[in-house]
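Peer 1: One structure, as structure tokens, below. Some questions next.
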Amino acid sequence: MTTTATEPKKDLPRLVRGMAVIERAGNALPHPFWLFWILSAILAVVSAILAALDVSVLSPKDGKVVAVQNLLSGDGLQMAVSTAVSNFAEFPPMATIVVVIMGVALAERTGFLQSLMKVSVSRVPTSMVVFAVAFAGTMAHVASAAAYIILVPLGGLAFRAVGRSPILGVVVAYTAIASGYDASPIPTPNDAIFAGITEAAAKTIDPNASISPLSNWFFNIASSILLALVITLVTRLVLSKRDDLDADPDAPGEDPDALTLSDRERTGLLRATVVFVIAALAIIAVLIPHSSPLRGENGSIVESPFLDGIAMVVAVLFGLVGITYGVTVGVIEKAGDVPKLMAEGIKQMAPVLVLFFAIAQFLAYFSWSRIGDLLSAESARWLGELGAPKIVIFLGILILLTLINILVTSGSAMWSLTAPILVPMMLLLSVPAETTQALFRIADSGSTAITPMSPYFVMALGFLQRYRKDAGVGTLASYTVPLAIAMTVAWTLLFLAWWALGIPLGPGAPVR
């Protein structure tokens, strides 16, 4: 007799109740756009109170006394009005993310990324299907939110195609994307967003701070491999042992064409791959000469026009493979189709750009009020006097950010809230901004697969219900919790080992 999806819930009543509490608390929060305006209003009131009390702090930059400035004063109003446009225009992630997404849009809208994902999960031995789907999940982040729409159903089909439970396929694909969202071996739009926010926060301590979108790239590559291995191990040793993996008898059968590429798609994928290799080799050839115009002073690559413009390089590479694939399969028939597809990518980013406006104003107010200087300096002083080892501080930050992530599932929103305090604080403790950003990546990803506040949790539940109609929040959570916990623990241990060994996090990005 097949065990129904309601039975596991009886074994996890506390978990289900806890998820319900989280869901209610999260639903009570306003949209992130309004959340930042509410926080701006609270910030203004707090700044007025602190300014009235003459609260000040010694600047960690030059040792001068820095007093809190009143946002509700005439000067505060003048600043808010006169800088609103420049705050938005000069918001570090703004231009970078727009440039990157135009290139990625060509690869996504032409179907190149979808074909690439099909190949990555279909042409592997049966014994490797779990790892293949999990690793594809880490690479799928380059497609941003589309990764969920494309790969999660493909995961179910891939597992069923090799005689395994499609329920596991959906769970593995969803968890790999959600709880490994910031561990992509391929640079993604998120890398540009996080680097911009980190740079803005770091500049409060070091005006010359520059954070590259590749600042965590080495760490990301290792993390993606580790997380795929952890998912494979937990799936085989824990999830595969469950007795509720049979799909409903009337669940949809396998679509034999779902994982199959047409002749034109295969040709397009081959041509796009060739173009990518040629373009990559051309870039390397230009970089090899010590006098290359893409190198920096004294032939440096770490501090060079190449890394400064890495967003453009990534956009061009994705654009080239997207155009090549699109022309081959017939999606691009004339030159005018290219800007149309790029514009569709920008349209997809419209909600993020609207959110950026609110975030940019909040960060500008926060910086001008100097409350960030106060919190960072006092926190660093308190931690210094406490004498806590840096590893303890790292774990404390991870726990704090993980709890916040359960309610604020938008990575850019959460990092915008916390980076202005954490990055300067850790810089004052001699911890590089790139290292603090790496900690954020772990926390931002780990708990995402278990929180119903994520819209993609509901989406994944819908895909799961294709195979088990009575599946609910508790059903999906009972599968994702073991994976998410194991991934977070393993990722944290990797970070601590990385820190202990002093391995650079990315090009020109020391871990300590």
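Peer 1: Residue by residue through region 451-467, note down the ones that are modelled with pLDDT of 80 or more and open to solvent by less than 10 Å² (accessible area, probe 1.4 Å).
Peer 2: Within region 451-467, Ala460, Leu464 qualify.
Peer 1: Within region 340-357, can one find any residue that is at pLDDT below 90 and closer than 30 Å to Leu494 by Cβ?
Peer 2: Yes, there is a match, as at least one residue in region 340-357 is at pLDDT below 90 and closer than 30 Å to Leu494 by Cβ.
Peer 1: Can you confirm whether Leu168 is open to solvent by 10 Å² or more (accessible area, probe 1.4 Å), more than 21 Å from the chain's Cα centre (by Cα) and of a type in the set (A, V, I, L, M, F, W, C)? Walk me through how you get there before you give the answer.
Peer 2: Numbers: open to solvent by 10 Å² or more (accessible area, probe 1.4 Å): no; more than 21 Å from the chain's Cα centre (by Cα): yes; of a type in the set (A, V, I, L, M, F, W, C): yes.
No, not satisfied.
Peer 1: With the structure loaded, tell me whether Thr448 is at pLDDT 90 or above, of a type outside the set (A, V, I, L, M, F, W, C), open to solvent by 10 Å² or more (accessible area, probe 1.4 Å) and within 25 Å of Met414 (Cβ to Cβ) or whether it fails that test.
Peer 2: It is false that Thr448 is at pLDDT 90 or above, of a type outside the set (A, V, I, L, M, F, W, C), open to solvent by 10 Å² or more (accessible area, probe 1.4 Å) and within 25 Å of Met414 (Cβ to Cβ).
Peer 1: May I ask you to verify whether Ser478 is of a type in the set (S, T, N, Q) and more than 22 Å from Phe194 (Cα to Cα)?
Peer 2: In short, yes.
Peer 1: I'm checking my understanding of the structure. Among residues of region 89-138 that are within 30 Å of Ser369 (Cα to Cα) and in contact with a Leu (Cβ under 9 Å, 6 or more places away or on another chain), which one is modelled with the lowest pLDDT?
Peer 2: The residue in question is Ile97.
Peer 1: Does any residue of region 419-441 turn out to be open to solvent by 30 Å² or more (accessible area, probe 1.4 Å), in a helix (DSSP H, G or I) and under 14 Å from Ala178 (Cβ atoms)?
Peer 2: no
Peer 1: Let me ask something else. Determine, yes or no, whether Asp470 is open to solvent by less than 20 Å² (accessible area, probe 1.4 Å) and of a type in the set (Asp, Glu).
Peer 2: No, not satisfied.
Peer 1: Those residues that are open to solvent by less than 10 Å² (accessible area, probe 1.4 Å) and not in a helix (DSSP H, G or I), I need them from region 298-334; list them, please.
Peer 2: Correct list: Ser304 only.
Peer 1: Follow-up. Cβ contacts < 6 Å: first residue under 19 Å from Ser300 (Cα atoms), restricted to region 274-287; second residue among the hydrophobic types (A, V, I, L, M, F, W, C), any location; separation 6+ or different chain. Result?
Peer 2: As it stands, the answer is Val286/Leu294; Leu287/Leu294, since those pairs meet every condition given.
Peer 1: Let me ask you something else. Does Phe366 satisfy the condition of being at pLDDT below 85, open to solvent by less than 10 Å² (accessible area, probe 1.4 Å) and not basic (Lys, Arg)?
Peer 2: No, not satisfied.
Peer 1: Look through region 157-172, keep the residues that are in contact with a Pro (Cβ under 8 Å, 6 or more places away or on another chain) and hydrophobic (A, V, I, L, M, F, W, C), and return whichever of them is modelled with the lowest pLDDT.
Peer 2: Leu157
Peer 1: Right, something else. Could you grab the pairs with beta carbons closer than 7 Å, sequence gap of 6+ or different chains, first residue in region 341-365 and within 9 Å of Phe88 (Cβ to Cβ), second one among the aliphatic types (A, V, I, L, M)?
Peer 2: Phe356/Met94; Gln361/Ala84
The values are calculated or read from the model by the stated rules, or taken from the named source; none is laboratory data. What you are looking at is a predicted structure, and each value in this text was computed from that prediction instead of being measured. Virtual Cβ from ideal backbone geometry, glycine too; neighbours counted across all protein chains shown. Only protein heavy atoms, including side chains, enter the accessible area calculation; ligands, DNA and RNA are left aside. Shrake-Rupley method; radii C 1.70, N 1.55, O 1.52, S 1.80 Å.
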